[in-house]
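Working notes, beginning with the structure itself.
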Amino acid sequence: MRPKTQQNSHLKLLILCVFLAFFLLFILRSNISSKSEPPSPTPIISKTSPNCSSNCNKIPSSLAEALIHYTTSTITPQQTKKEISVTSKVLEKKSPCNFLVFGLGHDSLMWNTLNYGGRTIFLEEDEAWIAQIKRRFPMLESYHVRYDSKVNQADNLMEMGRGIECRAIGDPKYSMCELALKGLPEKVYEMKWDLIMVDAPTGYYEQAPGRMSAIYTAGMMARNREDGGETEIFVHDVNRQVEDKFSMAFLCEGYMNKQQGRLRHFTIPSHKVGDLDRPFCPE
């Protein structure tokens with residue numbers, strides 16, 4: 001989730017266009033709503049008053065801040081324009097919704113704003129980085145998490161993941177599987193997530209925390225939904241071995257919608273409603 005410092009005018013243009021479209025939709029909805037209401041007496045406004053009436057349509061402050069930030073910053077998100085487009089199209093249909101993001105970075109303000117009116121939570125391994133981002137963007141809801149497994153343990157964890165305890169559908173907080181993340185904030189387990197993005201932890205060298213548990217836990221949260229809904233899961237950096245193998249094994253090739261660059265998009269249905277004999281992965 002950490003950004004790479006680079007000039008990326010195309011990405012900035014995409015983000016600016018998305019935010020402008022969001023703004024126009026906001027204005028359009030407000031106008032439609034106002035037309036549907038019965039006419040009321042025209043309020044008397046003092047000619048000397050510098051303030052507009054209470055019916056003025058204003059751009060939300062969070063959207064305004066995001067527009068200013070991304071049009072003036074020289075630091076751009078790590079994902080490419082095409083990769084971001086995959087998730088933004090899903091958010092366009094589903095927001096406002098519940099969006100869980102493994103990772104915290106300069107793209108976090110973008111995801112939070114694209115899910116305007118919903119709840120977006122970010123999970124980050126680096127406490128110092130959380131403090132730094134919070135100083136800049138205090139409106140972001142983020143929590144510190146610890147990952148016990150390292151990249152060099154991936155092969156052993158993959159073997160464990162084939163066991164019965166790791167295929168049993170249930171709350172990952174109480175799972176017997178070593179892949180399940182059990183130390184997340186309580187609210188993360190309680191919420192039903194519509195979207196989950198796995199773009200952390202670090203995962204790019206042998207001794208770094210790997211994304212094995214994050215990928216597995218995301219999949220189990222989706223399968224454990226008791227409302228019968230579906231969860232859209234996105235995994236970034238699938239050009240790397242861990243992200244590639246674990247996303248296919250625990251999110252399942254049969255649930256994959258598409259891959260764009262280094263990003264894979266899966267749609268996983270609840271295994272708690274309907275066909276209770278549904279296999280872990282579709283056959």
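The values are calculated or read from the model by the stated rules, or taken from the named source; none is laboratory data. Computed from a predicted model, the values in this text were never measured in an experiment. Because the Cβ atoms are built from the backbone with ideal geometry, glycine has one as well, and the counts that use them run over all protein chains shown. When the accessible area is computed, the model is the full protein with side chains, heavy atoms only, and any ligands, DNA or RNA have been set aside. Shrake-Rupley method; radii C 1.70, N 1.55, O 1.52, S 1.80 Å.
Every residue in the stretch 87-114 that is of a type in the set (A, V, I, L, M, F, W, C), in a helix (DSSP H, G or I) and in contact (Cβ under 8 Å) with a residue 60 or more places away in the chain, please.
Within the stretch 87-114, the first condition is being of a type in the set (A, V, I, L, M, F, W, C), and the residues that meet it are 90-91, 97, 99-102, 104, 109-111, 114.
Then drop every residue that is not in a helix (DSSP H, G or I), which leaves 90-91, 109-111, 114.
Correct list: Val90, Leu91, Met110, Trp111, Leu114.
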Which one of Val145, Val151 is within 24 Å of the chain's Cα centre (by Cα), open to solvent by less than 50 Å² (accessible area, probe 1.4 Å) and over 19 Å from Gly105 (Cβ atoms)? Val151
Within the group Asn224, Asn239, which residue is farther than 21 Å from Ala208 by Cβ, surrounded by fewer than 21 Cβ atoms within 10 Å (Cβ to Cβ) and at pLDDT 95 or above? Asn224
Residue check for Tyr189: in contact with a strand residue (DSSP E or B) (Cβ under 8 Å, 6 or more places away or on another chain) and at pLDDT 95 or above: no
Is it fair to say Ile215 is in contact with a strand residue (DSSP E or B) (Cβ under 9 Å, 6 or more places away or on another chain), open to solvent by less than 10 Å² (accessible area, probe 1.4 Å) and within 22 Å of Ser270 (Cβ to Cβ)? yes
Any residue in the stretch 261-283 that's touching a residue at least 12 places away in the same chain (Cβ under 8 Å): show its pairings with residues that are of a type in the set (Asp, Glu) at Cβ separation under 6 Å, as long as the two are six or more apart or on different chains. Gly261/Glu83; Arg262/Asp237; Leu263/Glu83; Thr267/Glu230; Thr267/Glu232; Pro269/Glu230; Lys272/Glu226
